[in-house]
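Readers should treat all values here as calculations from the given coordinates under stated rules, not as data from a laboratory. Computed from a predicted model, the values in this text were never measured in an experiment.
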Amino acid sequence: MDRQVAQALGITAKTAGTHIERIYAKIGASTRSTATLFALQHGLLDSLEAVPRDQR
């Protein structure tokens, strides 16, 4: 996941990983599913529709 985020943002995978870890800590999440639930509860995601593999 870090690689895809990094590529989308134009940063290194290590930097993306660091940012993701800090976000997880701030929202109290330890897994992607917990982070997803947080995002849904706070209106950051519209739905859980599947993202096409080529956009991951």
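Output wanted: per-residue J couplings in Hz (rounded whole) for the stretch 4-20, from phi through Karplus 6.51 cos²θ - 1.76 cosθ + 1.60, θ = phi - 60°, x for Gly and Pro.
Listing the rounded values in order: 5, 4, 4, 5, 5, 9, x, 10, 6, 4, 5, 5, 4, x, 4, 5, 4 Hz.
How many percent of the alpha carbon pairs in the chain exceed a separation of 12 Å?
70 percent
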